[in-house]
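Right, one structure below, let's go through it.
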Amino acid sequence: HGTSRINDKGHLEIGGVDALDLAAKFGTPLYVVDEALVRQRAREYVEAFKATGLKFQVAYASKAFCVMAMCRVAEEEGMSLDVVSDGELYTALQAGFPAERIHFHGNNKTPDEIEMALNAGIGCFVVDNFTELALLNAIAAERGQKVNILLRVTPGVEAHTHDYISTGQQDSKFGFDIGNGTALRAVEEALRQPQLNLLGVHSHIGSQIFEVEGFRMAVEKVAAFSLEVRAKLDKTFTVINLGGGFGIRYVEGDAPLPVATYVEAITGAIIASFTAADYPLPEIWVEPGRSIVGDAGTTLYTVGTSKDIPGVRKYIAVDGGMTDNPRPALYESKYEAVLANRPEDEATELVSVAGKCCESGDMLIWDLKLPAVQSGDVLAVFCTGAYNYAMASNYNRIRRPAVVFVKDGQADLVVARESFEDIARNDLLPERLRKET
Ligand code: LLP
């Protein structure tokens with residue numbers, strides 16, 4: 001997995017740092033991010049696009065993992081940034097991310113969020129619906145500002161993935177439907193709004209996608225739509241954004257394609273569709289999230305208790321769980337793991353890894369083969385870089401883990417472990433509930 005390997009002590013090593021040293025120094029649970037691998041993934045996208053000669057932007061979908069250090073890495077690697085809330089926008093701006101390279105997504109941006117983004121001077125809004133079109137125009141008019149926008153369209157392509165992360169089909173909360181004429185009306189409306197500068201359209205068909213067919217179909221729908229818009233409204237798009245969704249390998253059997261293959265399929269389809277219609281080639285934008293950070297993340301846990309139900313199952317419990325990784329509980333996601341302190345020991349038992357939350361659904365991995373597990377072993381769960389810290393919670397008032405970046409043998413804390421003080425930071429006791437002292 002990534003730049004992890006087994007060192008001469010027989011321990012798991014990530015980014016040149018012994019996982020046991022990380023666990024000892026920073027405590028567990030701990031998110032470890034292999035910075036070199038993040039950068040490598042980013043470069044794979046940028047290089048693949050450069051090779052096409054087309055104009056492009058690779059916008060890191062920060063929802064996958066949005067902390068200041070990650071925003072800096074994204075910036076250094078020449079990526080743009082997709083944000084979906086004031087909190088992500090705030091994080092990016094705090095990190096000094098160039099506002100003109102930020103794209104704002106979301107199906108219900110509030111007036112405050114729009115103001116905040118306009119104050120910052122972000123590069124582009126991805127407008128999701130008619131309410132937002134009117135609201136954005138009104139706020140921009142009040143401020144005398146011109147705003148770049150894309151329109152999010154639903155191409156009517158169903159990605160073969162989990163229902164909750166599939167978004168391109170008609171029955172979706174996101175975007176303007178191409179199929180029933182709504183998207184065309186949205187373009188008309190956008191062209192009528194004096195403050196809005198329509199660059200083009202955006203489509204995102206889903207997440208954790210392993211084939212190029214869905215992207216090709218989306219390009220074809222979007223291209224056909226672009227031609228229709230040119231013919232009926234005399235408007236030429238200069239940007240086509242194909243979203244994210246490029247899959248990664250969590251477990252054996254997951255078969256993602258090389259980044260370059262996705263990029264070539266998308267750019268190839270764009271070139272074919274638009275050139276055939278004598279349409280000036282638009283800029284191509286994409287928004288990978290998971291495939292930038294997913295496999296660069298490893299979570300280290302300490303094994304605590306175990307429970308053996310003879311003939312049924314053996315549970316081992318770790319010091320984290322659904323609070324730091326809710327994906328198994330939410331999507332039945334699968335993960336692989338090893339014992340970081342003895343990854344090479346022969347796997348002799350079948351265990352199921354439980355978290356420490358008070359509910360039965362708090363399971364991280366069912367049926368994992370490991371060496372005979374003991375209390376105090378350090379379990380390393382792979383591929384936890386995307387949608388783990390980002391979706392972590394304080395359920396059961398469990399403190400969120402720290403995040404460490406490792407690179408070339410160096411480990412740097414990029415998010416501190418939450419403290420007890422953090423846990424109760426926003427709690428208030430009204431006068432009538434206070435204890436007399
Ligand atoms: N662009 C848009 C408009 C999106 O909605 C998303 C993801 C992305 C880009 C990035 O997709 P990616 O490259 O990361 O697949 N929490 C779920 C994933 C939800 C994805 C939501 N949108 C999970 O843990 O699998």
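Here are the numbers:
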| quantity | calculated |
| --- | --- |
| Check on G320, within 16 Å of the ligand (Cβ to nearest atom) and within 23 Å of V293 (Cβ to Cβ) | no |
| Residue list for region 248-280, restricted to those being surrounded by 16 or more Cβ atoms within 10 Å (Cβ to Cβ), touching a residue at least 60 places away in the same chain (Cβ under 8 Å), outside any helix (DSSP H, G or I) and not basic (K, R) | I248, Y250 |
| Residues being surrounded by fewer than 16 Cβ atoms within 10 Å (Cβ to Cβ) and either within 12 Å of the ligand (Cβ to nearest atom) or within 30 Å of I205 (Cα to Cα) (or both) - total across region 295-306 | 0 |
| Output for region 388-399, where each listed residue is within 11 Å of the ligand (Cβ to nearest atom) and in contact with a Phe, Trp or Tyr (Cβ under 7 Å, 6 or more places away or on another chain) | N388, A390 |
| Lone qualifier among I292, I309 - being within 16 Å of the ligand (Cβ to nearest atom) and either out of contact with any strand residue (DSSP E or B) (no Cβ under 7 Å at 6 or more places or on another chain) or within 22 Å of F65 (Cα to Cα) (or both) | I292 |
| Residues located in region 325-351, provided they are within 16 Å of the ligand (Cβ to nearest atom) and either of a type outside the set (F, W, Y) or touching a strand residue (DSSP E or B) at 6+ places or on another chain (Cβ under 8 Å) (or both) | N325, P326, R327, P328, A329, L330, E332, S333, K334, Y335 |
| Every pair of residues 6+ apart whose Cβ atoms lie under 6 Å, when the first sits in region 108-121 and is modelled with pLDDT of 95 or more while the second is surrounded by 14 or more Cβ atoms within 10 Å (Cβ to Cβ) and small (G, A, S) | A120/A99; G121/A99 |
| Filter pass, V318 being touching a residue at least 12 places away in the same chain (Cβ under 8 Å), under 30 Å from I266 (Cα atoms) and either among the aliphatic types (A, V, I, L, M) or buried (at least 19 other Cβ atoms within 10 Å of the Cβ) (or both) | no |
| Residue pairs meeting the criteria (Cβ under 6 Å; at least 6 apart or on separate chains; first on the phi < 0 side of the Ramachandran plot, in region 216-238; second of a type in the set (K, R)) | V229/K235; T236/R230 |
| Within region 201-219, tally of residues that are surrounded by fewer than 22 Cβ atoms within 10 Å (Cβ to Cβ) and either out of contact with any helix residue (DSSP H, G or I) (no Cβ under 6 Å at 6 or more places or on another chain) or in a loop (DSSP other than H, G, I, E, B) (or both) | 5 |
| One residue from G409, G385 being surrounded by 14 or more Cβ atoms within 10 Å (Cβ to Cβ) and either within 27 Å of R249 (Cα to Cα) or within 16 Å of the ligand (Cβ to nearest atom) (or both) | G385 |
| Condition broken by I240, with the remaining ones in (1) closer than 29 Å to E77 by Cβ; (2) in the same structural domain as P371 (by TED's automatic domain parsing); (3) within 16 Å of the ligand (Cβ to nearest atom) satisfied | (2) |
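The values are calculated or read from the model by the stated rules, or taken from the named source; none is laboratory data. Small disclaimer: the values here were computed from a predicted structure and weren't measured. Reconstructed Cβ throughout: ideal geometry from the backbone, glycine too, with neighbour counts over all protein chains shown.
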